[in-house]
Structure formats: C-alpha cells, structure tokens
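Here the structure comes first, spelled out in structure tokens, and everything after it is commentary.
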Amino acid sequence: MHKIIDLFFKLLEFLVVVCLVAMVVMVFGNVVLRYGFNSGIDISDEMSRYCFIWLTYIGAMVAMREKGHLGVDSLVRHLSLRGKQLCFFLSEFLMLGCNLLFLLGTWKMHELQVSNVSPVVGISMIWVYGIGYVVSVVMSIINVSMLYKLLNGQLTEDDLVAVIESEDTVNLSTESPQGQRP
C-alpha cells in the first residue's frame, strides 16, 4: 500500500513539473511570438492560468504529505504531551472540516462549472475547478490517517509538532552567542 501511495505522490510531483514547464513554454513562446513576429497563441494565456491553478492545488497536496506547509509552533513546543496531542487533534480535525467544506463547495458548484465554458479554449470549466474534488479527498484522507495514528498512539512527541524547522533556524540554534560555531 505504501508503494501505491508513494507512486501516487510521485505522479503528483511529475504533474507539478509538467504544469510548470507548460506554463513557461506557453508564456515565453507567446512573448517571443508577440515581440518577434507580431503574432501570438490565443490559448496560451488561458491555458497557462489553468496550469497555474492545477499546479497550486497539486503542490498543496504534496506539501501536506511532506508537512511542508507553514505553521507556528512557538506555543505548542512548550506544552505537555497531552497539550500537544490536543492541539494536534484540533488542528487535524479543523483541517478535515475545511477539506470537507471544500468538497461540498466543489460539489455544489459542479453543475454551474460543467455548463460554463472557457472563452478561448472552449472547455468545460469543471476541468479547471474539478481539482477541488481531488484535493479535498486526498487531503481529507491524510487528515483521517493522522487522526487514526494519533488515536492509536502511533505518533511520537516530535510528530505532534507539525512544523519542520528550516535550515536557517537550525543554523541559528547551533551558533554560539558571539555568532561563531562551537
């Protein structure tokens, strides 16, 4: 099962790269065509915008799995084990609620987006905004998985602080007061 999950997230990372490359090629190509040849590709503006939407949401899923989202841990680090568990539970539970609201909103907008057609490309807008289904379901599964691990005692105290330190923070904490390394 872990292999399937890892392959799924590798596919998502590949899609992020594909979206980014497509955006660069379309925008740069359009700039060159406009300035060099007084021409342009009509669909490049719209398609690069759609790639950016997908890139953002797919990147959010990958970042959530890798615990790469921003967070503030200054209070949580000073709590007891029970306090950290409570904060972790509340955090995951509230994120799960937000993801379910996102799923519900996407569902309610589905009919409108299916009949709404993009002005230049002519595709149904559900192909653009339907990513809400994928994102909300994947992130909800991650939330439920983390809640399951918490309730079964599979998380260590370090796992309960969901913020990963940056290199800058680590470097600062290893320096002596005079700014020199020990």
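What to note about this one:
- Filtered residues of segment 16-61 (kept if in contact with a Ser or Thr (Cβ under 9 Å, 6 or more places away or on another chain) and either in the same structural domain as residue 132 (by TED's automatic domain parsing) or acidic (Asp, Glu) (or both)): 46
- Pick from segment 73-91, criterion among the charged types (D, E, K, R) and closer than 18 Å to residue 153 by Cα, ranking: surrounded by the most Cβ atoms within 10 Å (Cβ to Cβ): 84
- Test for residue 7: is it surrounded by fewer than 13 Cβ atoms within 10 Å (Cβ to Cβ) and under 30 Å from residue 157 (Cα atoms): yes
- Test for residue 122: is it loosely packed, with under 11 Cβ neighbours inside 10 Å and within 25 Å of residue 15 (Cα to Cα): yes
- Members of segment 71-91 found to be free of Cβ contacts under 8 Å to residues at least 60 places away in the same chain and either closer than 26 Å to residue 5 by Cβ or in a helix (DSSP H, G or I) (or both), listed by number: 78, 82, 83, 86, 90
- Of all residues making up segment 37-65, the number that are surrounded by fewer than 13 Cβ atoms within 10 Å (Cβ to Cβ), in contact (Cβ under 8 Å) with a residue 12 or more places away in the chain and under 15 Å from the mean Cα position of the chain (by Cα): 0
- In segment 139-160, the residue that is surrounded by the fewest Cβ atoms within 10 Å (Cβ to Cβ) out of those that are in a helix (DSSP H, G or I) and of a type outside the set (A, V, I, L, M) is 148.
- Any hit, segment 118-138, residues being in a helix (DSSP H, G or I), in contact with a Ser or Thr (Cβ under 6 Å, 6 or more places away or on another chain), not assigned by TED's automatic domain parsing to the domain that holds residue 4 and not aromatic (Phe, Trp, Tyr): yes
- Residue within segment 25-43 that is in contact with a Leu (Cβ under 9 Å, 6 or more places away or on another chain) and part of a helix (DSSP H, G or I) present: no
- First in segment 110-122 and within 21 Å of residue 44 (Cα to Cα), second anywhere and at pLDDT below 85, Cβ under 6 Å, 6 or more apart: 120/42
- Screening segment 2-26 for residues that are β-branched (Val, Ile, Thr) and modelled with pLDDT of 90 or more and picking the one that is farthest from residue 61 (Cα to Cα) gives 25.
The values are calculated or read from the model by the stated rules, or taken from the named source; none is laboratory data. Just so it is clear, the structure is predicted and the values come from calculations on it, not from any experiment. Counting neighbours? That spans all protein chains shown, and the Cβs are built from the backbone with ideal geometry, glycine included.
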